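Reading through the structure tokens given below for one structure.
Here, each number is a calculation from the coordinates, and none is a lab measurement. Remember, it's a predicted structure, so these values are computed and weren't measured experimentally. Positions of Cβ are generated from backbone atoms using ideal geometry, with glycine treated the same way; all protein chains shown enter the neighbour counts.
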Amino acid sequence: MEDKTKNLPPTLRENRRYLAFEIISEGKLDFGEILNAFWHSLLNLVGEVGASQANIWFVSDSWDEKNQRGLIRCDNKYVEYVRAALALIDRIGDKRVVPYTLGVSGTMKAARRKFFGERTLEDFQKPESGSEVSKPSEAPENLV
Amino acid sequence: MEFYDLNVHLDNLEELNETIEIAKKLGYSGIGLVEKYANLDKFKKIEEISKSVKDLKIIPGIEIEADGVKELKRMISKAKRFSNFLVVSGGEYKINRAASEDSRVSILSHPERKRSDSGVDHIISRFAKENNVAIEINFHEILETFRKVRSYILSHMGFNIELAQKFGTQIVITSGARGKWEMRDPRELAAIGQILGMSLEDSMKSVSEIPKNIIKRVP
């Protein structure tokens, strides 16, 4: 038998939210340093018990180095604490920063679409009701 | 929704353009650039520059720091000649009380600063409501402190919010920024209000509707 728990039924799953953020900074930032700064800020604000309940996960795949944007997954009851913890970061490494959230979404896919403007192949394959299927030439440049 | 941050300080006026850019990026419709009464020359410069800035409303204000009630009253009378947007730097109980009793004051800033209590009681809260003086939740106070001190400040701010809710006093949440790097998104400031016990609606009002009404009173 596989050493993995079964997928929980939807009613038993944790209610997660994906928080998209962007960081304005003096220079380029290292993702590891951002992680450290955020955890330091969150633990200072809510403590270890609070952080455990917030169920934080940094979606490292989503880190956009060029625009300095990323996604944080957290429990839906702790969204405001995560926002506050982000706001309480004023320095990452030796660089001054202004972190701010772009928005909150229920799924990673929707967050990427809404806040990072990412498009998947599905967006061009699924015809919308009453409209024609968009041709590949109409696809935006940032097709992922 | 229009957002306003009514307590931004600029140590270096050369940073003004960058501060305006950051404020626009964070979604502000206007910022209150506050200068101490002692630096009236700088205040006049800000006033001049603010007229030429487009896309962002800049409200020049005067911060009053006084040692006693008499001095405070005198300074308010003098500062009133230059601006109607007056922010009183709180902390001392006498100052907090006198500011709340004076309808010429727009904001009572950080009433809990350097205190072992919240600096606001039921009397101050009631007077502030009667005289339309908003009580400030200053984000800078949280940002610059850590651990024990921060936890006390958060607790005092939470108590002030509780009193304000009971008496209907206006609360404004500001960044209290000392330069462009301390500016914060209005939604993040509202989140601070929420973790201190405000509802989402009230905390959003504290960064939008209430500051907007304060600005309306400043001709």
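Under 21 Å of direct C-alpha separation, and excluding same-chain neighbours fewer than eight residues apart, A:Lys109 reaches these lysines: A:Lys66, A:Lys77, A:Lys126. The amide H of B:Ala177, built 1.01 Å from its N in the peptide plane, has B:His9 as neighbours under 5 Å, considering only residues 5 or more places off or on other chains. Annotation: peptides B:73-82, B:5-14, ranked by per-residue average of other Cβ atoms within 10 Å with the highest first, follow the order B:5-14, B:73-82.
Annotated for region B:87-219: lysine pairs at least 8 residues apart or interchain, Cα distance under 23 Å, count 12.
How many Cβ atoms of partner chains, on average, are near each residue of B:176-188 if near means within 10 Å of its Cβ?
On the way: counts 0, 1, 0, 1, 3, 9, 3, 3, 9, 10, 1, 8, 12.
Going residue by residue through B:176-188 and averaging, the value is 5.
A Cβ-based charge dipole, computed about the Cα centre of the protein assembly as shown with Lys and Arg at +1 and Asp and Glu at -1, lands at about 900 debye. When both region B:76-104 and region B:166-186 are represented by their alpha-carbon centers, they are found 18 Å apart.
Do you know the Lys pair count in region B:7-54 for C-alpha distances under 15 Å, with sequence separation 8 or more or different chains? The number of close lysine pairs in region B:7-54 is 5. Both radii are taken from the alpha-carbon atoms of chain A; with Rh as the Kirkwood radius, Rg/Rh is 1.05. In order along region B:179-196, the Karplus-derived 3J(HN,Hα) couplings, from 6.51 cos²θ - 1.76 cosθ + 1.60 at θ = phi - 60°, round to x, 5, 6, 9, 6, 10, 4, x, 5, 5, 5, 5, 5, 4, x, 5, 6, 8 Hz, and Gly and Pro are given as x.
In Å, what Kirkwood hydrodynamic radius results for chain B from the alpha-carbon pair distances? Show your work: numbers first, answer last.
On the way: mean 1/r = 0.0588 Å⁻¹.
One over the average 1/r among Cα pairs gives 17.0 Å for chain B.
Approximating the spin labels as points 7 Å out from Cα along Cα→Cβ, the B:Ser155-to-A:Asp3 distance works out to 4.6 nm.
What average count of beta carbons from other chains do you get within 10 Å of the Cβ of residues in A:84-95?
Numbers: counts 13, 3, 4, 11, 8, 1, 6, 1, 0, 0, 0, 1.
Whole-number average of other-chain Cβ neighbours for A:84-95 is 4.
Among B:Gly176, B:Gly158, B:Gly68, the largest mean-square fluctuation in a Gaussian network model of chain B, built with springs joining Cα atoms closer than 10 Å, belongs to B:Gly68. Positive end of the dipole of chain B (Cβ unit charges, origin at the Cα centre): among B:Ser151, B:Asn17, B:Ile31, the Cα lying farthest that way belongs to B:Ile31. Mean-square fluctuations from a GNM of chain B, with a 10 angstrom spring cutoff on Cα atoms, peak among B:Ile62, B:Ile49, B:Ile135 at B:Ile49. Take the Cα of B:Ser103, step 7 Å toward its Cβ, do the same at A:Arg13, and the gap between the two points is 5.8 nm. Can you pull the percent of Cα pairs in region B:78-131 with separation above 15 Å? The share of Cα pairs beyond 15 Å in region B:78-131 comes to 42 percent.
When the alpha-carbon atoms of region B:70-188 are used, the pair Rg, Dmax equals 14.0, 42 angstrom.
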